[in-house]
Structures are given as C-alpha cells and as structure tokens.
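Read the structure below first, then the notes.
The values are calculated or read from the model by the stated rules, or taken from the named source; none is laboratory data. This one's a predicted model, so the numbers in the text were calculated from it and none came from an experiment. Because the Cβ atoms are built from the backbone with ideal geometry, glycine has one as well, and the counts that use them run over all protein chains shown. For accessibility, only protein heavy atoms count, side chains too; no ligands or nucleic acids. Shrake-Rupley method; radii C 1.70, N 1.55, O 1.52, S 1.80 Å.
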Amino acid sequence: MTDFQRPNIARLEGYVPGEQIAEPTVIKLNTNENPYPASPKVEQALQQISVGDLRRYPNPMSDDFRTAAAKLHGTHRDQIIATRGGDELLRLLLTTYVNPRQCVGMTEPTYTLYPVLTAIQDADPVLVPLKDDWSLPDNFVERVNRHACALTFIVNPHAPTGGLIGQKALERIATSIKGILVIDEAYVDFTDDPNHDLVQWAVNSTNVVLLRTLSKGYGLAGLRFGYGIGPHHLIAPMLYKTKDSYNLDAIGQTLATAAINDQPYAQTNWRRVIEQRNLLSKVLTQMGLNTISSQANFVLATIPDSAKHSASEIYQLLKQQHILVRHFDHDRLRDKLRITVGTEEENVTLIQALTKLL
Ligand SMILES: *Cc1c(COP(=O)(O)O)cnc(C)c1O
C-alpha cells in the first residue's frame, strides 16, 4: 500500500502523554497538574456563559486575555500571544522560525515534546547532554552554534529535574547564541524566589521568548490555555500570520482571563504547593530516595540500587494501589520516579505506600 505520509512523519514516534485515568479514587501524581481547583472566580465566570454567547466567532487575538496578561506582567499587549496550551506556542515557534533541515537545540533530557515537534517540522534536534549534576554544560552555546540552530529550547525550571537557571546565566546564553532562545517557564510559578522574573529582560531582548501556561500554576490543564511573552518582532509573525485565525475559543478566553485576574488566589495556591514540595523532597531524601532540589511542582526521586524493587517495578506496584507517578524509559532516568506534588493528604498516602514497598 502506498504510504502517503511525508518521510519525517512516517519515521516519527508520536509523543506519549502521561496516562489520564478518569477514576476518582486514583491519586494522580504523574502529569504535574495542580492539586487544587482553579479560582472560584473562574467557576463564577463559567456559570455566566450561555450557549447563545457561542453563536459568534471568538475574539481572534484573545484581546481581553492579552490585556490582562500585559497588565499582570507590566508589558505591552503586543508582546504577548495567547495559545492553545503552551504546546501550541512551541509548534508556532517551530513553524514560524525553523526551516526543514535546520537544527533545533535542546538539552538531554528535556521536555520530550520538543524532539517530536521538531521532527514534525522536519528539522533536526541537537541534543546536548546535561552534566552529571543536571546543570548545563559550559560549552552548551558552542554546541548549538556549531550546528547553527535556528532556535533553542531551555525548560526552566527544568523538566524532569526541577533545577532552575538564574537570569545572569540565561543572559549570557541569549547574547552568545545565534538563533532564538525559547525559555519554557511552564513551572515558573513554583520557584522559591518570587523575584525570579525574566519578563522585562525578555521583552527588551532581541531573541528571547518565554512560554507560560495555565495548565500547571492555575489548575486549568483541561482548558488548554497558555501564552508567549517576548519582543514584538518575535511575537507579531505568530500572532498575525501563523496561528489559526481563531485559535482559542470564547469559553477558554473568558475563563483564562478570570484565572489570571485572581492573583491572590493563584499565589496562595503556589505557596501551598511549594511548601508541600519542600516537605515531600525532605521526607523522600530521609527515606534514602535521593531527590534533586526542585523549583517545580514535582520531584525527581532516585530509587537506590539496594531497594527491593526497581523504579519501574515501584511504578507498577504503586499503580496497582491506584497511585500514579511517572517513570521514563530513558538511560539517565530509568532508576528514577517523577512525582507530582499533590495535596498534603495525597502526599502522605504516597509516602506510606512507598515506605511499605522499600
Ligand atoms: C506542561 C508543559 C508545557 C505546556 O503544557 P500545556 O498544557 O500545553 O500548556 C510546556 N512545557 C513543559 C516543560 C511542560 O511541562
């Protein structure tokens, strides 16, 4: 039979999302969702939507949302694009700025969607391995410049380790890198330092775009809403040329705007997650599961060689007890589990189950 696929698509193994199990009894610590629901203001906004409101096309540019986001971040609205989850922004960046056969820089390991989207664009990923301590190698920029990468992704805080690179180091990278630097800040709401804020630097840069999402920090993974922040010359081509004309529906725009407008609620929530994360890391470390200091809403725990079960066995055994965590079949992650920070109650249940298995 004729294979009609483009060769790069035929070769591609699709992205495998974390399992989504609808059963309410499952303790779901596998896809870094927020353990708490979105703000009551989002609930109220939802109640006020009527089916009649959906008769017309939505605002094509998500203007109300972008105005609210610009106010929140102290930027101009033209420096923001709203997208269908952060994932749509990643795809737009690649289709707008990377030619087929050009290179795209990224670390190894990183968010596993980057190489998949790169392959869909028929571009070539350049994977630069992180050092043993999971920090960026000193020659990172040299390595991506050697391949003339049109665009480079850095996820910060890093997934799946939770490590954070500070602004000074990122500035050095951005000024010496040849292409665009995308800093994926999907987890930035959970950093210990509330003053870590790259927005003003990014919008005044020539080549830096930040990714934000409502999926993690705002408890709205099901809504599919994210945004990009950067200088107008990088945002405008995506906003006016490459995104779908109506990329975000009316319901999503209304609810996302309500969510980011309730900062006190969101921030209280982030502080609770941070507190639970720091506690979870401490307890796991005391149990002998060496954890890396995380600035995200998950921790990466190493199962020691001396344990009764391997990491993948523990993943399976936890699953049998209706506790889902994430295990990656990757050289440097095989002995580890990535555990999303849950509610206090969920974290306690996890710790009890792990204690029995070890
Ligand atoms: C969750 C996530 C995103 C964006 O997810 P969306 O749900 O599409 O907004 C982007 N990058 C990383 C590293 C993520 O974990």
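Below is a table of values for the structure above.
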{"item": "Heavy-atom accessible area ranking, 1.4 Å probe, most first, across Lys336, Lys241", "result": "Lys241, Lys336"}
{"item": "Glu13-Thr95 pseudo-label distance in nm [points 7 Å out on the Cα-to-Cβ vector]", "result": "2.6 nm"}
{"item": "Selected from His233, His309, His330 as most flexible by GNM, with the chain as the system and alpha-carbon contacts under 10 Å", "result": "His330"}
{"item": "Gaussian network model of the chain, Cα within-10 Å springs - most flexible of Tyr218, Tyr114, Tyr265", "result": "Tyr265"}
{"item": "Within the accessible area of the chain (1.4 Å probe), percent carbon and sulfur", "result": "52 percent"}
{"item": "Max mean-square fluctuation residue, GNM over the chain, Cα-Cα springs under 10 Å, options Pro17, Pro157, Pro231", "result": "Pro17"}
{"item": "Residues Gln320 and Gln44, FRET efficiency given R0 of 41 Å [Cβ-Cβ distance, rounded to 0.05]", "result": "0.55"}
{"item": "Antiparallel %, DSSP beta bridges [both residues in the chain], to 5", "result": "45 percent"}
{"item": "Region 11-23 - phi-based ³J(HN,Hα) in whole Hz, Karplus 6.51/-1.76/1.60, Gly and Pro as x", "result": "6, 6, 9, x, 5, 10, x, x, 4, 10, 10, 6, 4"}
{"item": "Computed helical MRE - 222 nm, the chain, DSSP H runs ≥ 4 contributing -39500 (n - 2.57), nearest 500", "result": "-11000 deg cm²/dmol"}
{"item": "Area accessible to solvent at Glu33, 1.4 Å probe radius, in Å²", "result": "50 Å²"}
{"item": "Size of region 40-261 as Cα extents on the principal axes (Å, biggest first)", "result": "55, 38, 29"}
{"item": "For region 154-228 versus region 1-77, the gap between their alpha-carbon centres in whole angstrom", "result": "18 Å"}
{"item": "The chain, accessible area per residue, ligands and nucleic acids excluded (1.4 Å, Å²)", "result": "47 Å²"}
{"item": "Length released on extending from Glu275 to His309, taking residue separation times 0.36 nm less the Cα-Cα span", "result": "9.3 nm"}
